[in-house]
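The values are calculated or read from the model by the stated rules, or taken from the named source; none is laboratory data. Note that the structure is a prediction, hence the values are computed from the model and not measured. As a convention, Cβ positions derive from the backbone with ideal geometry for all residues, glycine included, and neighbour counts pool all protein chains shown.
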Amino acid sequence: MPRAGRLRITPTYDLDSLARSFAQMARSAEHSTRTVQVPKESLDQSPLTIRTLGNQDLRQSAKRISKVDEAVRELARDMLRSMYSSAGIGLAAPQVGVHKQLLVIDLDPDNAAAPPMVLINPEIRSFGSAIETYEEGCLSIPGVYLNVVRPSVVEVTYRDELGRPQRIKADGLLSRCIQHEMDHLNGVLFVDRVTDELSLNAGLQDKGFNRSDVHAIR
Ligand SMILES: [Zn+2]
């Protein structure tokens, strides 16, 4: 997902939950070591090429990572470098053509000291009953921002960059970002979930994307 500064929050969105989401990020960062941290800067050349809508890499399912080793951490670092170079707050491995269950997220890209999150083999354990509408974007569909309805709260388990099991209950922007990035692991893009056909067609056309590359799942 593109960084928060570019996301337009819909009137239904609850700013308190956004604040809680950042607080939760800070808490989950406390037990993170800084083994994958890289400078939060835009490089002249992104180390990995981010695939865009229409590329079939985005439509393949990702496989579980059996061992969290240095190669996985180096991939996470390269994904973070690529994400920061594209002004993103979240990136999934399939977006760079790697079909592994690995996500990187950093909701605080302007704070050099805040460690990013690395989620390996993430699984959603439960959804809250509330749903909310949020205007999403995607580094694989640059310039297109459209409303998507999703559950507000998710409980997720995953392995961190050292292979340690983690469990978090996320809401606000963190919940939204995790759900968006986890969709990528199943070959699903946020435009597949957009219900407003007119806005979808206009948004894609405006940025030169092909409507036939959307696989509606509603
Ligand atoms: Zn995306």
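The residue that is nearest to the ligand (Cβ to nearest atom), among those in the stretch 123-134 that are closer than 18 Å to Ala92 by Cβ and out of contact with any Asp or Glu (no Cβ under 8 Å at 6 or more places or on another chain), is Tyr134. If only residues of the stretch 97-122 that are over 29 Å from Gly54 (Cβ atoms) and not small (Gly, Ala, Ser) are counted, the one that is nearest to the ligand (Cβ to nearest atom) is Asp108. Looking only at the stretch 135-180, filter to residues that are among the polar types (S, T, N, Q) and away from the ligand (no atom under 16 Å from the Cβ); which one of those is surrounded by the fewest Cβ atoms within 10 Å (Cβ to Cβ)? Top of the filtered list is Thr157.
Identify, please: which residue in the stretch 109-134 is charged (D, E, K, R) and at pLDDT 95 or above and is, among those, surrounded by the most Cβ atoms within 10 Å (Cβ to Cβ)? The extreme case among them is Glu132.
For (1) touching a Gly at 6+ places or on another chain (Cβ under 9 Å); (2) outside any loop (DSSP other than H, G, I, E, B); (3) at pLDDT 90 or above, each residue gets a yes or a no:
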position	(1), (2), (3)
Thr12	no, no, no
Arg20	yes, yes, no
Ala23	no, yes, no
Ala26	no, yes, no
Asp57	yes, yes, yes
Ser61	yes, no, yes
Arg73	no, yes, yes
Leu80	no, yes, yes
